[in-house]
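The values are calculated or read from the model by the stated rules, or taken from the named source; none is laboratory data. If you're wondering where the values come from, they're calculated on a predicted model, not measured in any experiment. Positions of Cβ are generated from backbone atoms using ideal geometry, with glycine treated the same way; all protein chains shown enter the neighbour counts. Each accessible area value is taken on the protein alone, full model and side chains, heavy atoms only, with ligands, DNA and RNA left out. Shrake-Rupley method; radii C 1.70, N 1.55, O 1.52, S 1.80 Å.
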Amino acid sequence: MKPRVLSGIQPTGSLHIGNYLGALKNWVRMQHDYECVFCIVDLHAITVHQEPAELRRKIEQTAAIFLAAGIDPKISSVVVQSTVPAHAELAWLLTCATPLGWLERMTQFKDKAAKQESIGDGLLQYPVLMAADILLYKANAVPVGDDQSQHLELTRDIAQRFNALYGDTFVMPETKLPTVGARIMGLDDPSKKMSKSETGSNHAIGLLDEPSVIRKKVMRATTDSNPAVDFESMGAGVVNLLTIHQAFTGWTDDQMKQHFTGMRYGDLKKTVAE
Ligand code: TYM
C-alpha cells in the first residue's frame with residue numbers, strides 16, 4: 001500500500017503563486033508516489049466571516065484550480081471538508097485532549113488575534129481542526145509551505161498526547177516542505193509573507209492573473225539600492241524574485257548564480273516575468 005498524503009487549502013481570497021510553489025506544485029508531483037487526499041477546507045475559512053454565496057463560488061473555483069494545476073482526480077481524492085462530518089467530530093475529540101496553552105502559543109493565532117477587536121473561538125481552535133484533517137486520514141506526509149510548520153508540530157504533539165492517553169490510535173505525520181519556495185514573500189513588501197488576505201494591488205501574483213498583469217506586478221516589485229544582482233549582498237526583494245524564478249524553473253544554485261550574477265534589476269525582472 002502506498003503511504004498517504006493529506007493537505008488542504010482555504011477557499012478564500014485569490015490563490016497566489018505562494019500557494020502554488022509552497023503546496024500545489026508538490027501535491028502534483030507527489031500524487032504518483034502517495035495515495036493523496038486534497039482538501040478544500042471551508043470549515044477553516046469560516047473562522048472569519050464569509051458570505052455564503054461567495055464561499056460556495058470560491059470552493060468551486062479552488063477545485064477548478066486544483067485540476068488546472070495538474071491534480072488528477074483519477075488518482076487523487078479532492079474533498080470539500082464540510083461534506084465529511086468526521087472532520088468536525090474528530091476535532092472535538094482532539095480539542096478535549098489539547099491544553100489551552102498549546103493553542104495560545106500559535107504564532108498565526110497571535111497574528112490574526114492582534115488584528116481583530118473580538119476574537120472568535122474558532123480562530124483559537126483552528127489548528128485542532130487542522131490536526132483532525134490530517135489524523136483522520138492517518139496521513140504519513142503533509143506537503144505545505146513553511147507558515148504551516150508550527151501547526152504540523154502541534155498536530156504531532158496532539159497525536160502523541162492522544163495516543164499516550166488512549167492507546168496507539170494516530171499515525172505521526174511528517175511535514176514536507178519544498179526545498180525552494182517554502183515561503184514566498186510579498187512583491188510590494190518582501191518582509192511580509194505573500195498572503196491571500198493582503199489587499200495591496202502589487203502584493204501577490206494571483207494564479208488567475210492575466211499575463212500582462214503579472215508582468216506589471218513583477219516590474220514594480222521592490223528590490224534594493226544596488227543596481228544589479230550581487231549574490232553576496234542582496235536585499236530581501238531580490239532574494240524573493242530569484243527564489244520565484246528558481247522554484248518555477250527548478251534551476252540549481254550554480255545555474256542561478258551563473259545566469260543572474262551582475263544582471264541589472266530591469267533585466268532580472270523581465271526574466272522572472274517571462
Ligand atoms: P492556506 O490556505 O493559507 O495556504 C495553502 C497552502 O499554501 C501555502 N502557502 C505558502 N507557501 C509558500 N509561500 C507563501 N507565501 C504561502 N502562503 C501559503 C501554505 O503553507 C499551505 O500549504 N491551515 C492551512 C489549510 C489546512 C491544511 C490542513 C493544510 C487546513 N487543514 C491540513 C495541510 C493539512 C491554510 O490555511 O493554508
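Details
- Taking first residues from segment 258-274 that are over 19 Å from Ser212 (Cα atoms) and partners that are among the hydrophobic types (A, V, I, L, M, F, W, C) and open to solvent by 40 Å² or more (accessible area, probe 1.4 Å), the Cβ contacts under 9 Å between residues at least 6 apart in sequence or on separate chains come to His259/Trp251; Phe260/Phe231; Thr261/Phe231.
- Look at segment 183-201: where a residue is open to solvent by less than 30 Å² (accessible area, probe 1.4 Å) and a partner is among the polar types (S, T, N, Q) and within 12 Å of the ligand (Cβ to nearest atom), sitting 6+ places away or on another chain with Cβ atoms under 7 Å, you get Ile184/Asn240; Ile184/Thr243; Pro190/Asn240.
- Residues (surrounded by fewer than 15 Cβ atoms within 10 Å (Cβ to Cβ) and of a type in the set (Val, Ile, Thr)) located in segment 240-266: Thr249, Thr252, Thr261
- Filter pass, Thr12 being away from the ligand (no atom under 15 Å from the Cβ) and touching a residue at least 24 places away in the same chain (Cβ under 8 Å): no
- Residues located in segment 97-134, provided they are out of contact with any Cys (no Cβ under 8 Å at 6 or more places or on another chain) and under 16 Å from Ile40 (Cα atoms): Tyr126, Pro127, Leu129, Met130, Ala131, Ala132, Ile134
- Flag if Phe66 is open to solvent by less than 40 Å² (accessible area, probe 1.4 Å) and modelled with pLDDT under 95: no
- Segment 185-230: number of residues that are within 25 Å of Ser149 (Cβ to Cβ) and assigned to a strand (DSSP E or B): 3
- Residue among Ala53, Ala45, Ala97 that is modelled with pLDDT of 95 or more, open to solvent by 50 Å² or more (accessible area, probe 1.4 Å) and either hydrophobic (A, V, I, L, M, F, W, C) or more than 20 Å from the chain's Cα centre (by Cα) (or both): Ala53
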